[in-house]
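The values are calculated or read from the model by the stated rules, or taken from the named source; none is laboratory data. Since we're looking at a predicted model, the values are computed, not measured. As a convention, Cβ positions derive from the backbone with ideal geometry for all residues, glycine included, and neighbour counts pool all protein chains shown. Remember, those area values only see protein heavy atoms, side chains included, never the ligands or the DNA or RNA. Shrake-Rupley method; radii C 1.70, N 1.55, O 1.52, S 1.80 Å.
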Amino acid sequence: MNKVKIALLDRDGVINKDKGYVGFMSQFIWTKGAKKAIKYLKSKNYKIIVVSNQSGVARGFFKFKDVLKLHNKIQEELISFGTKIDKFFFSPYHKDGI
């Protein structure tokens, strides 16, 4: 049986500063050391999975496609840094969503 090491990282508040509803790259600010930590984990053969609750979609602050675009930009920056995220997962729902 092959063992796979996985690091699950929350997005807002872990890899970026939590400034409320972050749906666009202009609102995204990397936390200090986040890129280095991701690169280190990848060097130790971890799969990096970013998970996030994005109720801003359900509340109408930004669209599903905006979150996908933001995640693509995050990935581009990490690739330029010599690393990457293996997969992004997010929930766009909220019980009071529109």
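Cβ-Cβ distance below 6 Å, separation of 6 or more or different chains: which pairs start in the range 70-98 with a residue that is more than 12 Å from PHE28 (Cβ to Cβ) and end on one that is among the aromatic types (Phe, Trp, Tyr)?
From the range 70-98, the pairs are PRO92/PHE64.
What residue, of GLN27, GLN54, is open to solvent by 40 Å² or more (accessible area, probe 1.4 Å), polar (S, T, N, Q) and more than 20 Å from LYS84 (Cα to Cα)?
GLN27 is the lone residue from the list that is open to solvent by 40 Å² or more (accessible area, probe 1.4 Å), polar (S, T, N, Q) and more than 20 Å from LYS84 (Cα to Cα).
So LYS19 clears everything in (1) in a loop (DSSP other than H, G, I, E, B); (2) surrounded by 15 or more Cβ atoms within 10 Å (Cβ to Cβ) except one condition, right? Which one?
(2)
Among the listed residues LYS39, LYS47, LYS35, which satisfies the condition of being open to solvent by 50 Å² or more (accessible area, probe 1.4 Å) and assigned to a strand (DSSP E or B)?
LYS47 is the lone residue from the list that is open to solvent by 50 Å² or more (accessible area, probe 1.4 Å) and assigned to a strand (DSSP E or B).
Mind listing just one residue for me: the one in the range 55-98 that is assigned to a loop (DSSP other than H, G, I, E, B) and among the aliphatic types (A, V, I, L, M) and, of those, farthest from LYS36 (Cα to Cα)?
ILE98
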